[in-house]
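Novice: Handing you this structure, nothing more for now.
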Amino acid sequence: MYFTALTGQFFTPHEVSELMARVTYGDELKTLDKPFITVCEPACGAGGMVLAVVNVMLSHGHNPAQRLWVQAQDIDRTAALMCYLQMALWHIPGVVIVGNTLAMEAREVWYTPAHYLGFWHHRLEREWGRAEGQTDDTGDRPTVQDEPQSEPINHPIRDEGRPLILSIPKGQSSFDF
């Protein structure tokens, strides 16, 4: 494993990341019957695992810009922004959060250009509404309740001093210093 001794950071070699992506997603991608898949990377580093999933998707003939959405988070700002740069250059839709995953802390939130260009806010809202089983009065199609974009969702165990990323804000990034 590649590492930096001073910070205690360890970066997974590409071959190991590729193996883990193939074991985790290989069979599912052969017969992908969903409109897209989501990947949550709670310790993204420079984004090596995300790129490995992208390579597996490409090997199965899927376009990650249309069939993948990623939420990546890292406590180290430099590593998280390296992941953001990788995702932006590879045109991967998603969000990169700078903050502590275990403490549910978010200091900065960066949406990739592919997230905006692919209208992923609406795609996710529609899909997550469908997953929660919310329907309109006719019962035909799912709906998502409109919430103010500037206020986070209330969460019973949430410390009000720390933001929780559950709703998608309208701006590119949010900062909490």
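Just so you know, all these numbers are worked out from the coordinates, no wet-lab data involved. Keep in mind the model is a prediction, meaning the values are calculated, not measured. Here the Cβ is made from the backbone with ideal geometry for all residues, glycine too, and neighbour counts use every protein chain on show.
Novice: Would you be so kind as to identify which of I75, G26, L117 lies farthest towards the positive end of the dipole of the stretch 2-119, taking Lys and Arg as +1 and Asp and Glu as -1 on Cβ and the Cα centre as origin?
Specialist: L117
Novice: Arrange T78, T31 by Cβ neighbour counts within 10 Å, fewest through most, would you? Working shown, then result.
Specialist: Values: T78 12, T31 7.
Listing T78, T31 from fewest to most nearby Cβ atoms yields T31, T78.
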